[in-house]
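First comes the structure, then the notes that go with it.
The values are calculated or read from the model by the stated rules, or taken from the named source; none is laboratory data. In this text, all values refer to a predicted model and were calculated from it rather than measured experimentally. In this analysis, Cβ positions are derived from the backbone assuming ideal geometry, glycine residues included, and neighbour counts consider all displayed protein chains.
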Amino acid sequence: MLIDIALDAVGSDKAPEPEIRGAILACRALPVRVHLVGPEPELRDLLDEHLENEDLPIAIDHASERIGMDEKAAHAVRAKRDSSMRVGLKLVREGKAAGFVTAGNTGAAMATAKMVLGALPGVDRPALATPMPTAKGNPCVLLDVGANVDCKAHNLAQFAVMGEMYARTVLKIRQPRVGLLSIGEEESKGNELTREAFPLLKALPIHFIGNVEGRDIFNGHADVIVCDGFVGNVALKTSEGVGRFVRDVLRESLTRTVTAQVGALLSRRAFNDFRRRLDYTEYGGAPLLGVRGVCIISHGSSNDVAIYNSIRVAHEFAKAGANERIEQEFASRPRRGAPDHEAGADAAIQ
């Protein structure tokens, strides 16, 4: 049975070309039906060019407006009622699609998702979670990576709960280790936010390992790392920059030093494997955790491979029922008025 995924076809920097190519890749490789959301005449012409005579489960849902990267989220969400984001998210709300993918304006995507889909009960702010490569091979979930620039301690505790559930349900990590990103491992280290959040995370029924540092994002010491959206976005963009730098330097060094044909072939294979492990396009978009529906937000610079992988993530997220499990677990946790030993966790998740 095909799973329907709505795709914002005019979201990325170079839209709609990457979206159409990515949708075609996804429909060839995955059990999905992709709904391209955007101006139908433009999308129809391009889709026909790329498909030629190939019959793939791709539909077009018309939306007359698009939200630009430079537009202010609040204004765009209110003013553009027929935007590709709003139309696509309505498909999810109405049960016509199991998930929504966009490479458009992150702030607008978050605001529209919260307005159209609504937040899960017990969640004050949705958070963007992204898997990061580690030396041990398993990804580490970093959240929030940009949805909430300013946070309070109880927001970080909610992020920890959602990130831990995501790691268990989608990444299949049996008992995820959750860390709080700070400038030192000691409980007293960090700023006011991390010091206030530490006891809240410690009181939660999760495997909290305490403070972790920036290097722990990549060494596999933690499975989930929690921070506010400002710190998380800086960490994410810095990591991408370092990854590109190392990749380019390594390519240059291999080109300059490897002369033997066999050696060049082996080095090329190793380099390609290294590049894949660092390439953000291989990991797909970041799920927006905490809204009542699957919403995946990808890079504005996404190419067709990144769009394909974002659709793959939406498919996996929907198939695993991750949102439903998060909602169920929040609903099953003790509420205010619980015994004193549960008060810390109770305050964090409300």
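Miscellaneous remarks
- Residue match in the range 54-73 (condition: closer than 17 Å to residue 108 by Cα, modelled with pLDDT under 95 and either outside the structural domain of residue 117 (by TED's automatic domain parsing) or assigned to a helix (DSSP H, G or I) (or both)): yes
- Scanning the range 307-331 for residues that are charged (D, E, K, R) and farther than 18 Å from residue 26 by Cα yields 324, 325, 327, 329.
- Single match in 95, 104, 38 (criterion: of a type in the set (Gly, Ala, Ser) and closer than 26 Å to residue 144 by Cβ): 104
- Test: residue in the range 287-300 that is at pLDDT 75 or above, among the hydroxyl-bearing types (Ser, Thr, Tyr), closer than 30 Å to residue 329 by Cβ and in the same structural domain as residue 148 (by TED's automatic domain parsing): no
- Residues of the range 87-107 satisfying the condition of being under 11 Å from residue 66 (Cα atoms) and either of a type in the set (Asp, Glu) or surrounded by 24 or more Cβ atoms within 10 Å (Cβ to Cβ) (or both): 104, 105
- Any chance residue 129 is touching a strand residue (DSSP E or B) at 6+ places or on another chain (Cβ under 6 Å), modelled with pLDDT of 85 or more and part of a helix (DSSP H, G or I): no
- Restricting the first member to the range 236-252 and to residues that are aliphatic (A, V, I, L, M), and the second to residues that are surrounded by 14 or more Cβ atoms within 10 Å (Cβ to Cβ), the beta-carbon pairs closer than 6 Å and six or more apart or on different chains are 236/145.
- Residue match in the range 148-168 (condition: touching a Ser or Thr at 6+ places or on another chain (Cβ under 8 Å), on the phi < 0 side of the Ramachandran plot and outside any helix (DSSP H, G or I)): no
- When residues of the range 302-337 are limited to those that are assigned to a loop (DSSP other than H, G, I, E, B), surrounded by 14 or more Cβ atoms within 10 Å (Cβ to Cβ) and at negative phi, the one modelled with the lowest pLDDT: 334
- Test: residue in the range 200-217 that is part of a helix (DSSP H, G or I), closer than 29 Å to residue 299 by Cβ, at pLDDT below 90 and out of contact with any His (no Cβ under 7 Å at 6 or more places or on another chain): no
- Test: residue in the range 173-192 that is under 19 Å from the mean Cα position of the chain (by Cα), free of Cβ contacts under 8 Å to residues at least 60 places away in the same chain and assigned to a loop (DSSP other than H, G, I, E, B): yes
- Of all residues making up the range 3-13, the number that are modelled with pLDDT of 95 or more and surrounded by fewer than 24 Cβ atoms within 10 Å (Cβ to Cβ): 2
- For residue 105, the criteria (1) modelled with pLDDT under 95; (2) among the polar types (S, T, N, Q); (3) touching a strand residue (DSSP E or B) at 6+ places or on another chain (Cβ under 6 Å) hold in every case but one, which is (3).
- Cβ pairs under 6 Å, 6+ apart, first in the range 307-322 and assigned by TED's automatic domain parsing to the domain that holds residue 17, second among the charged types (D, E, K, R): 307/19
- Hits in the range 16-34 (condition: within 20 Å of residue 104 (Cα to Cα) and crowded, with 22+ Cβ neighbours inside 10 Å): 16, 18, 19, 20, 22, 23, 26, 34
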